[in-house]
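Working notes for the structure below.
The values are calculated or read from the model by the stated rules, or taken from the named source; none is laboratory data. Since we're looking at a predicted model, the values are computed, not measured. Here the Cβ is made from the backbone with ideal geometry for all residues, glycine too, and neighbour counts use every protein chain on show.
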Amino acid sequence: MAKLQNALAKKIPIWRKDISGLVKKHGSKKISDVSILQAYGGMRGVKGMVCDTSEVPPDKGLLIRNIPVGKLTSKTPEDTFYLLCTGELPNAKDRKALTEELSSRAKVPSYVWKVLEAMPANSHPMAMFDTAILVMQRESEFVKAYNAGMSKMDYWKPTMEDSLNLLAKLPTIAAGIYRMRFKKGKRIAPKKGLAWAENYAHMLGIPDKSGDFADCMRLYLVLHSDHEGGNVSAHACHLVGSALSDAYYSVSAGLNGLAGPLHGLANQECLNWVLELKKKFKGVPSDEQLTQFAWDTLNGGKVIPGYGHAVLRVTDPRFTAFRAFGMKNFPEDPVMQLVDKVYTIVPKVLKEHGKAKNPWPNVDAGSGALLYHYGMKEFSYYTVLFSVSRAMGMLSQLIINRAMGTPIERPKSVTTAWLKKQVK
Ligand code: HAX
């Protein structure tokens, strides 16, 4: 067994014992009450599931295995996936082993390309990405082992195999879609010896003599990897996975949620908003002009993309990391300057508007400006990049849930008539 699998195999019995002890001793202790408002309001704040890979304290932002994401900005996606799965950062040898493991599995079956080529030319890149994942379901090692009668205790092992196979192929598929969908020329094959993010940057084919774009991709893939268990993509993946659907079905379900405009698709909207602003005022607008533009958006009944969050109540540390990267590497870039200026104005406007519980920027407010700077100007592709990264979070959660024997999810729904009876 390779290093990551070994490290996880050592942790699993400890976690199993820990959790079964907790449930045995304190299983009946209440951790949440649910109000009628929450039942109608997207279950906001209801504590009803467990996720150990990461957490999002509203006043701090993302902690991956208790490490603030701001402290992981120099790490690689391999470090991040290893950390998500095991709770520890890998040493250099283990990181290298994971890179090699992913590299050796990166080739995509030829039928995937045939299916993608048969799709209408104007298909959304997210629909193409999801289709590619779903069409590979036949490769599932979990399904083979399940059909052969594997023990429940071993469910996580073929799930890990599926996860590594899928993760390894995602950059190849995503880059292939970019080149196919936006007519960038022939697909570029993965290169042996490159790390996961570097290989993705290489296969996208964006000119990158300095290596800065590859570094941007590294950061992008680290920062988007996970955001605890209740967000739409993680929760959808978990829900579908809880029926013992394999990693292909489960990740595909999660990504269908990520494709929604209130979730991952927001990052294609964000840069649009900033560029509209730039176009309207022919450059960086004055504070007054920007304030008016924000009000016009709100008065038009629209949201300001990139701002607000269901859980966070502070500036998203992932936004802070992207802003720092942009301001360090290209402070003169007018789009970056705009993103920075929007940050000084929009929170004030949203506070005055008084609706959004969180007036601060989320991850999507800055990431697009970085991609735009490096010449990736196809906004509808941005959510695919997000997806490649978020697959790490979804898959690590799935592996752990398999290992912990998490049962099928089945919350109780109630009717409006039942609720009315309760309040009589
Ligand atoms: N602009 C204008 N109004 C906003 C707003 C924003 N950026 N953020 C929230 N509001 C409004 C909501 O639409 C809601 O209005 P109604 O009562 O009329 O329905 C009200 O403020 C209360 O909402 P909330 O409780 O603060 O926020 P929610 O938990 O309901 O929604 C969202 C969180 C992220 C969906 C929301 O803030 C939003 O739509 N933001 C803009 C889109 C965006 O940036 N999405 C990406 C989020 C990050 C992410 O998941 N990426 O994948």
Residue under question is residue 48, and the condition is that it be in contact with a Ser or Thr (Cβ under 9 Å, 6 or more places away or on another chain) and within 16 Å of the ligand (Cβ to nearest atom); does it hold? no
Can you tell me how many residues within the stretch 221-244 are within 13 Å of the ligand (Cβ to nearest atom) and either assigned to a helix (DSSP H, G or I) or not polar (S, T, N, Q) (or both)? 11
Using beta carbons and a limit of 7 Å, which pairs, at least six apart or on different chains, have the first residue in the stretch 363-378 and among the aromatic types (Phe, Trp, Tyr) and the second one in a helix (DSSP H, G or I) and within 16 Å of the ligand (Cβ to nearest atom)? 372/271
How many of the residues in the stretch 260-284 are over 30 Å from residue 226 (Cα atoms), surrounded by 18 or more Cβ atoms within 10 Å (Cβ to Cβ) and without any contact (Cβ under 8 Å) to a residue 40 or more places away in the chain? 0
Picking from 190, 171, which residue would you name as being within 25 Å of residue 140 (Cα to Cα), touching a residue at least 12 places away in the same chain (Cβ under 8 Å), assigned to a helix (DSSP H, G or I) and not small (Gly, Ala, Ser)? 171
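For a quick check of your reading: which helices (runs of 4 or more DSSP H) sit entirely within the stretch 264-377 and have at least 3 residues that are hydrophobic (A, V, I, L, M, F, W, C) and either within 8 Å of the ligand (Cβ to nearest atom) or over 30 Å from residue 236 (Cβ atoms) (or both)?
On the way: elements: 266-280, 287-299, 317-329, 334-353, 364-373.
Per the criteria, 266-280, 287-299, 334-353.
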Restricting the first residue to the stretch 20-37 and requiring it to be assigned to a helix (DSSP H, G or I), which pairs with a second residue that is surrounded by 10 or more Cβ atoms within 10 Å (Cβ to Cβ) and among the charged types (D, E, K, R) meet a Cβ separation below 9 Å and a spacing of at least six or different chains? 37/44
Among residues belonging to the stretch 3-26 that are exposed (fewer than 14 other Cβ atoms within 10 Å of the Cβ) and among the hydrophobic types (A, V, I, L, M, F, W, C), point out the one that is nearest to residue 79 (Cα to Cα). 14
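Kindly establish whether residue 83 is part of a helix (DSSP H, G or I), at negative phi and crowded, with 16+ Cβ neighbours inside 10 Å.
yes
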When you go through 118, 174 one by one, which is the residue that is farther than 20 Å from residue 240 by Cα and either within 25 Å of the chain's Cα centre (by Cα) or buried (at least 19 other Cβ atoms within 10 Å of the Cβ) (or both)? 174
Just to be sure I understand the filter: pairs with C-beta atoms under 8 Å, separated by 6 or more residues or on different chains, first member in the stretch 219-233 and among the aromatic types (Phe, Trp, Tyr), second member modelled with pLDDT under 95 and surrounded by 24 or more Cβ atoms within 10 Å (Cβ to Cβ). Which pairs pass? 220/367
When residue 131 is evaluated against the numbered criteria (1) closer than 20 Å to residue 381 by Cα; (2) surrounded by 18 or more Cβ atoms within 10 Å (Cβ to Cβ); (3) touching a residue at least 40 places away in the same chain (Cβ under 8 Å); (4) of a type outside the set (A, V, I, L, M, F, W, C), which criterion, by number, is the only one it fails? (3)
All positions within the stretch 50-66 that are crowded, with 17+ Cβ neighbours inside 10 Å, of a type outside the set (Ser, Thr, Tyr) and at negative phi: 51, 52, 55, 56, 62, 63, 64
Can you name the number of the only condition in (1) within 11 Å of the ligand (Cβ to nearest atom); (2) under 28 Å from residue 239 (Cβ atoms) that residue 252 fails? (1)
Failed item, numbered, when residue 246 is tested on (1) modelled with pLDDT under 95; (2) among the charged types (D, E, K, R); (3) buried (at least 20 other Cβ atoms within 10 Å of the Cβ): (1)
